[in-house]
Each structure stands twice: as C-alpha cells, then as structure tokens.
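Below is one structure; the comments refer to it alone.
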Amino acid sequence: MRTAIKICGISTPEALDAAVAAEADFVGLVFFPPSPRHVDTYAAAALAARGGGKIGRVGLFVDADDGLLRDAIGAGRLDAVQLHGEEPPERVAQVKERFGLPVWKALPISMESDVQKANAYRGIADLLLFDAKTPKDAALPGGMGLRFDWSLLSSWRGKTGWGLAGGLAPTNVARAIAETGAPLVDTSSGVESVLGTKDVDKIAAFCEAVRG
C-alpha cells in the first residue's frame, strides 16, 4: 500500500513547489505564532493559490478558537484540520461538526500508556498522528526533531487511520515505515537546513526514500 507523505511547516513558495515536485500528498500550514514555521492568513492564501489542486493542505493548530480556525480554513483553502494541542475528544468532534472538514489529532508519545490514550478518539478523529512527546517546558508541541520508540505502536489496534511523526528524516523514514507499517509519514524539521527553513533537496530526498 502506498504510504502517504506530509511535509509540515511549509511557509515559502519554493518549499511548496518542492513538495509538489516530489509528489508529497500533503503540506502542513502552521497557524501557531510561537512556531518559526507560522504563516498568517495572507501567506496561507498565497500558498493555497499557488498549490491549487496539486497537493492537499492541512492546517496545524494548537488549542485554537473557532475564529482562528474559520479564518485559516478560508484563507488556506484547507482540506483538513490538524489539532496539535490539548484538545479533548469533545473538541475534536465539535471542530468536525462546525467546519465540515476531516480532523487529524496529534498525540504525544513517550510510553505505551500514551498510545492507549488514542482509544478515546476512536470514531471521532479522522486520523491520529503519533508524534514524539516534547519536554514539559518546551515552547512548541512538535517539530523539534525528537522521535519516540516506534515499537510502542505495536500495541495499537485501532481502526482509525493513523500516521507517524517525530524525528523523521530522509535517512530513517524507510526504516520507520518498515518497522511500523505507517500508512502516513509526517516530517518537518527533518527536511530543514536550519530551524524553520525547508531544504528543497531534503524534501526531494525524503519523498524518494518513502517511495523507494
């Protein structure tokens, strides 16, 4: 089965073009000002116009209110919403109902009990994204190049679609897929030359490693 690819934290036309050229399935637009990958609605609208129907657009939000979600969904012409904060199942269901888009829920993982928390989102989230848990005092909930023990996912038996994130790069993504069977892989810092700046060659290499 073909593994889907999401390149998260896209903020420039060059990075968007590279993701399209490398045949990634999705780009992630980050609507979270503390992140070095944050885009405002003006930048999101420009990227959406450039990408057109060539690639899916997923908006990443951290405990966002409905006003931000509404503005970002419209500007970025989003195909899905990714909730990357402390959103409980009730909030996920609320966002789905109010905005009529698929909702992805990111879950921070460091131990097996974290994986089991995904059960609360069964039948509610459209996709669960298992990501590495960041330190408690971290400014960002993800995108820090951290990875978790992939073997923890062997206990996951849910029917909800899922994806793997956290420390994925061109050098390890093929092994990650082989070990976990991930139907979707998500990278951000793993395809950057410096924090927040995407490297077009690394984007190409990442996608090639997945497709290979």
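Just to be sure before I move on: is Val103 open to solvent by less than 10 Å² (accessible area, probe 1.4 Å), within 17 Å of Ile124 (Cβ to Cβ) and modelled with pLDDT of 95 or more in the structure I sent?
Criteria met by Val103.
Looking at segment 52-66, which of its residues are farther than 17 Å from Val92 by Cβ and either in contact (Cβ under 8 Å) with a residue 40 or more places away in the chain or open to solvent by less than 30 Å² (accessible area, probe 1.4 Å) (or both)?
Gly52, Ile55, Gly56, Arg57
Right, Leu140: modelled with pLDDT under 95, open to solvent by less than 30 Å² (accessible area, probe 1.4 Å) and closer than 25 Å to Lys96 by Cα or not?
yes
Scan segment 1-21 and report the pairs whose first residue is under 18 Å from Ala46 (Cβ atoms) and whose second residue is of a type in the set (D, E, K, R) and surrounded by fewer than 17 Cβ atoms within 10 Å (Cβ to Cβ), with Cβ atoms within less than 8 Å and a gap of 6+ or a chain change.
If the second residue must be of a type in the set (D, E, K, R) and surrounded by fewer than 17 Cβ atoms within 10 Å (Cβ to Cβ), the pairs left are Pro13/Arg50; Leu16/Arg50; Asp17/Arg50; Val20/Lys54.
If we keep just the residues of segment 108-127 that are open to solvent by 10 Å² or more (accessible area, probe 1.4 Å) and assigned to a strand (DSSP E or B), which is nearest to Trp150 (Cα to Cα)?
This residue is Pro108.
Any idea which of (1) open to solvent by 40 Å² or more (accessible area, probe 1.4 Å); (2) within 16 Å of the chain's Cα centre (by Cα); (3) touching a residue at least 24 places away in the same chain (Cβ under 8 Å) is the one Glu86 doesn't satisfy?
Unmet for Glu86, out of (1) open to solvent by 40 Å² or more (accessible area, probe 1.4 Å); (2) within 16 Å of the chain's Cα centre (by Cα); (3) touching a residue at least 24 places away in the same chain (Cβ under 8 Å): (3).
I need every pair where a residue in segment 103-118 that is more than 11 Å from Glu87 (Cα to Cα) has its Cβ under 8 Å from the Cβ of a residue that is open to solvent by 60 Å² or more (accessible area, probe 1.4 Å) and in a helix (DSSP H, G or I), sequence separation at least 6 or different chains.
Val103/Lys96
Hey, can you tell me all the residues within segment 190-209 that are surrounded by 16 or more Cβ atoms within 10 Å (Cβ to Cβ) and at pLDDT below 95?
Selection gives Gly196 alone.
Could you grab the pairs with beta carbons closer than 7 Å, sequence gap of 6+ or different chains, first residue in segment 165-183 and within 13 Å of Leu129 (Cβ to Cβ) and open to solvent by 20 Å² or more (accessible area, probe 1.4 Å), second one part of a loop (DSSP other than H, G, I, E, B) and β-branched (Val, Ile, Thr)?
Filtered contacts from segment 165-183: Pro183/Thr3.
The values are calculated or read from the model by the stated rules, or taken from the named source; none is laboratory data. Bear in mind the structure is a predicted one, so any value in this text is a computation, not a measurement. Every residue, glycine as well, gets a Cβ built from its backbone with ideal geometry; the counts of neighbours run over all protein chains shown. Note: areas computed on protein heavy atoms with side chains; ligands, DNA, RNA excluded. Shrake-Rupley method; radii C 1.70, N 1.55, O 1.52, S 1.80 Å.
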